[in-house]
1. With a 10 Å cut-off between alpha carbons and a GNM built on the chain, which of 57, 82, 201 moves the most?
2. What is the chain's relative contact order, in percent, from Cα pairs under 8 angstrom and six or more apart in sequence?
3. Build a GNM of the chain with springs between Cα atoms under 10 Å: which of 160, 248, 144 gets the top mean-square fluctuation?
4. In terms of the Cα gyration tensor, with a ≥ b ≥ c the square roots of its eigenvalues, is segment 137-183 rounded because a/c is under 1.5, prolate because a/b exceeds b/c, or oblate?
5. Tell me, in nm to one decimal, what length is gained between residue 268 and residue 221 on full extension, where the rule is 0.36 nm per residue of separation less the Cα-Cα distance?
6. Once you have a ≥ b ≥ c as the square roots of the Cα gyration tensor eigenvalues for the chain, tell me rounded if a/c is under 1.5, and otherwise prolate or oblate according to whether a/b is larger than b/c.
7. Please identify, among 270, 199, 85, the residue showing maximal mean-square fluctuation in a Gaussian network model of the chain using a 10 angstrom Cα cutoff.
8. For n ≥ 4 DSSP H runs only, could you compute -39500 (n - 2.57) per run for the chain, divide by its residues and tell me the 222 nm figure to the nearest 500?
């Protein structure tokens, strides 16, 4: 047995910031520039705020050398935050799953009788082209949550993750990950011919100039792929955004498929099947 283990000591912790002046952590709100420890950890990209709260409760977080186990503790930006190796080990065991969602499944909790997409994540539905080397375990379903949504009548790449860092990267307030969609359309005006040249000024509006719920949309990349299909690349994800954008310029969406999120492609993943995000992939 190692000397530290005999003495009942914890293993060394990992420092996430350079040495800084020592300050006593507190739970008050009166210190200038102070913020919740969990929020500061999230800002530093260490984990999600939910994970931070779990780590704090387990005593896996130190501030200026003092182990913290009280939720709501406040810190200042110059304080040194250290993470116990046990937290990193738990984080390393978290998985991210890529699912090709079919029509008829909702992204999150079951609603209106439609099942959640996560019910498709079974050993039998794992794609035989999965090259991650990860063996499926029911533990991978715990705290698995969608990082972004796809409408019930949309298909394509849906990301489900246990890792708060991935969720923040994809759907956090500061996220700048783009998402690519292939969209089949018809004209709302049935007398119009979809094969005719779509007015350039309306295509320009799809790219920039539309508002939803009285809020201007961010610029988007929109181009025709063929007579019936548009390609959208967005950096935001308002509810039913593409369908509503198309309605504003006289188009009706009859099919929508997400094919990319950041650098991760749907690729050849069959509909209704899933695979693990590999160690060499990132969004």
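No value in this document is a laboratory result; all are computed from the given coordinates. What you see is a predicted model, and the numbers here were worked out from it, not measured in a lab.
1. Of 57, 82, 201, the most mobile in the Gaussian network model is 201.
2. On the way: 501 pairs, mean separation 56.7, N = 283.
Computed value for the chain: 20 percent relative contact order.
3. Evaluated over the chain, the most mobile residue of the options is 248.
4. Working: a/c = 2.71, a/b = 1.26, b/c = 2.15.
In terms of gyration-tensor shape, oblate.
5. Working: separation 47, 0.36 × 47 = 16.92 nm, distance 2.38 nm.
Taking 0.36 nm per residue and subtracting the Cα distance, the gain is 14.5 nm.
6. Details: a/c = 3.01, a/b = 1.82, b/c = 1.65.
Judged from the Cα gyration tensor, the chain comes out prolate (a/c at least 1.5, a/b above b/c).
7. 199
8. Values: 7 runs with 52 residues, N = 283.
My calculation for the chain gives -4500 deg cm²/dmol from helical runs alone.
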